[in-house]
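The values are calculated or read from the model by the stated rules, or taken from the named source; none is laboratory data. These figures come from a predicted structure and were not determined experimentally. Every residue, glycine as well, gets a Cβ built from its backbone with ideal geometry; the counts of neighbours run over all protein chains shown. With ligands, DNA and RNA removed, areas are computed over all heavy atoms of the protein, side chains included. Shrake-Rupley method; radii C 1.70, N 1.55, O 1.52, S 1.80 Å.
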Amino acid sequence: KRCAEYDKNYSPPTAHVPNEKDDILLLFTPGTTGKQKGCLFNHLAVVQAMTSVKLGYKSLPTECFYTQKHYSTAFQIIHFLMAPLMAGAAVYISDEKDFATLIPAFTEKRITYACMESPVLREMIRASEELKLPTPTVKGFVFNGNTPDKATWEAIAKLGKAAVFSVYGMTEYLGTIAMS
């Protein structure tokens, strides 16, 4: 691929042996400036990023990660697709907006980690009370870019013992600079 267009005349060198320094991931992001930029990563950088995140969650093959987010940032790709799959865990992707359908899916799919915006989490808990559905229980919630507000902390407290992961990152560093 060259500049997002396939070059029909290109063929890989026959003598090339793939190695960890080969570029394998190109992410385009507007970042915080709104100005598009491309970030290129090699195999080694991607594996290191996935391994560190996998270890942070202590992911097991029995885990199931849920997100409504699209995979348009390094955070989403690493935390909620590549690292879980590297651990042998399942990934449940849904754009479902109807909580009457989504809430039972948490139990049915055995979701253990959820990545959702604070208002969506609060709305899901409110909906579970209104619809008289069991409130989903998970091992952890993941928030990126900011610490949950007071209302979200109160909503999480209603769920029992769930870990809260607050993650800060930059695309240039493949998504994760700090995870607490």
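May I ask you to verify whether Cys3 is farther than 30 Å from Val138 by Cβ, within 19 Å of the chain's Cα centre (by Cα) and at pLDDT below 85? For Cys3, the condition - farther than 30 Å from Val138 by Cβ, within 19 Å of the chain's Cα centre (by Cα) and at pLDDT below 85 - is not met.
Of all residues in region 107-137, those satisfying the criterion of being touching a residue at least 40 places away in the same chain (Cβ under 8 Å) and either touching a Ser or Thr at 6+ places or on another chain (Cβ under 7 Å) or not charged (D, E, K, R) (or both) are Ile111, Thr112, Tyr113, Ala114, Cys115, Met116, Val120. Restricting attention to region 15-39, the residues that are in a strand (DSSP E or B) and open to solvent by 60 Å² or more (accessible area, probe 1.4 Å) add up to 5.
I'm trying to understand the selection: among the residues of region 50-67, which are surrounded by 16 or more Cβ atoms within 10 Å (Cβ to Cβ) and within 17 Å of Phe141 (Cβ to Cβ)? Those that are surrounded by 16 or more Cβ atoms within 10 Å (Cβ to Cβ) and within 17 Å of Phe141 (Cβ to Cβ): Val53, Gly56, Tyr57, Ser59, Glu63, Cys64, Phe65, Tyr66, Thr67.
Which count do you get for residues in region 113-133 that are under 30 Å from Ala87 (Cα atoms), of a type in the set (Asp, Glu) and more than 15 Å from the chain's Cα centre (by Cα)? Result for region 113-133: 0. Scanning region 100-121 for residues that are more than 17 Å from Ala163 (Cβ to Cβ) and crowded, with 19+ Cβ neighbours inside 10 Å turns up Leu102, Ile103.
Within region 152-165, restricting attention to residues that are open to solvent by 90 Å² or more (accessible area, probe 1.4 Å) and free of Cβ contacts under 8 Å to residues at least 24 places away in the same chain, the residue that is nearest to Gln68 (Cα to Cα) is Trp153.
Residues considered: Phe80, Phe99. Of these, the only one that is at pLDDT below 85 and not polar (S, T, N, Q) is Phe80. Evaluate region 129-143: report whether one residue or more is closer than 20 Å to Val53 by Cβ, surrounded by fewer than 20 Cβ atoms within 10 Å (Cβ to Cβ) and of a type in the set (S, T, N, Q). Looking through region 129-143, none of the residues is closer than 20 Å to Val53 by Cβ, surrounded by fewer than 20 Cβ atoms within 10 Å (Cβ to Cβ) and of a type in the set (S, T, N, Q). Of the numbered criteria (1) at pLDDT 80 or above; (2) over 30 Å from Cys39 (Cβ atoms), the one Ser94 fails is (2).
As a summary of the residue check, Asp149 satisfies the conditions (1) open to solvent by less than 80 Å² (accessible area, probe 1.4 Å); (2) among the acidic types (Asp, Glu); (3) under 30 Å from Phe41 (Cβ atoms) except for the one numbered (3).
Filtering region 88-99 to residues that are open to solvent by 70 Å² or more (accessible area, probe 1.4 Å) and among the β-branched types (Val, Ile, Thr) leaves only Ile93.
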